[in-house]
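Right, one structure below, let's go through it.
The values are calculated or read from the model by the stated rules, or taken from the named source; none is laboratory data. On a predicted model such as this, the values are computed, not experimentally measured, just so you know. All Cβ positions, glycine included, derive from the backbone under ideal geometry; neighbour counts span all protein chains shown.
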Amino acid sequence: MKLPALALLTSSLLLLNGCELDTGTSPAHYYDFRQGNQQWQAGFSDYPTDNATIYQLQSGVRNLPTGFTGQGFYLQGMNRSDDLFMYIKRKITGLEPATRYQLSVSVRFLTDAASDCMGVGGAPGESVYLKFGYASQEPQQSGYYLNVDKGNQSQDGSNARVIGNIASGEISCDSDKFASKIVTGSGNTPLQFTSNADGSIWVFLGTDSGFEGLTRLYYRELELRFTPL
């Protein structure tokens, strides 16, 4: 099953690593993690780095779990801070310099969090909020928090928007299986930014968790669409 992305991805050329589909007005950047990390990097924030081991943080391209084939970009974290943010990030180049854009995303991932389940601090699915955003500099932890405004849990930030959660209705609360989920959107308020003078911008996608337990995700495919304003 392919992404029902913001633009239909039908060309076999899109299977190339980090391919850019230039429609003339709205370039789309498509990534398939079966092809490796494609310059995406993992990051974590909103936790004390001097006691990181108890957070069980893991990341990297891995084989998918039982029932699926191929690879995905895996992220794992035990949310002991009740506010763990774990994300992937990439620097995007080739945009028009100092130009205003609107950014939207479509992402396919695997989740083991079922819908309507009880959890400590919040639900393991609905209380783990999927966010995407941008930054003019590399997004990374600075002290305790992320160095750009991503908002907190269900709240948008000036640099990020909530686009959904990781809950799946295809698995049960007592299941140890994963299910595939697709989330597409730009948030309740469109995410807009101005590209850097060299035509670059950093983009990040991740989860802001209110569930005080273990979250495991495999990002499989994603598409970023930049619309000039």
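Couple of notes before you dig in:
- Candidate set: region 46-64, residues that are surrounded by 14 or more Cβ atoms within 10 Å (Cβ to Cβ) and touching a Lys or Arg at 6+ places or on another chain (Cβ under 8 Å); chosen: the one farthest from residue 80 (Cα to Cα): 64
Residue-by-condition table, conditions (1) surrounded by 15 or more Cβ atoms within 10 Å (Cβ to Cβ); (2) among the aromatic types (Phe, Trp, Tyr); (3) under 21 Å from residue 228 (Cα atoms):
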position	(1), (2), (3)
89	yes, no, no
104	yes, no, yes
114	yes, no, no
125	yes, no, no
131	yes, no, no
157	yes, no, no
176	no, no, no
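- Residue 225 being touching a residue at least 40 places away in the same chain (Cβ under 8 Å) and not hydrophobic (A, V, I, L, M, F, W, C): yes
- When the test is whether a residue is out of contact with any helix residue (DSSP H, G or I) (no Cβ under 6 Å at 6 or more places or on another chain), touching a residue at least 12 places away in the same chain (Cβ under 8 Å), surrounded by 17 or more Cβ atoms within 10 Å (Cβ to Cβ) and within 30 Å of residue 98 (Cα to Cα), residue 199 does not pass it.
- Candidate set from region 77-107 (those that are in a strand (DSSP E or B) and more than 17 Å from residue 159 (Cβ to Cβ)); member that is farthest from the chain's Cα centre (by Cα): 78
- Residue that is modelled with the highest pLDDT, among those in region 174-198 that are among the hydroxyl-bearing types (Ser, Thr, Tyr) and under 26 Å from residue 115 (Cβ atoms): 180
Okay, residues lined up against (1) on the phi > 0 side of the Ramachandran plot; (2) of a type in the set (Gly, Ala, Ser); (3) surrounded by 22 or more Cβ atoms within 10 Å (Cβ to Cβ):
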| position | (1), (2), (3) |
| --- | --- |
| 148 | no, no, no |
| 169 | no, yes, no |
| 203 | no, no, yes |
| 209 | no, yes, yes |
| 229 | no, no, no |
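- Yes/no for residue 129 being farther than 30 Å from residue 63 by Cβ, assigned to a strand (DSSP E or B), of a type in the set (Phe, Trp, Tyr) and modelled with pLDDT of 95 or more: no
- Applying the criterion of being polar (S, T, N, Q) and under 16 Å from the mean Cα position of the chain (by Cα) to the residues of region 108-140, the residue that is nearest to residue 166 (Cα to Cα) is 111.
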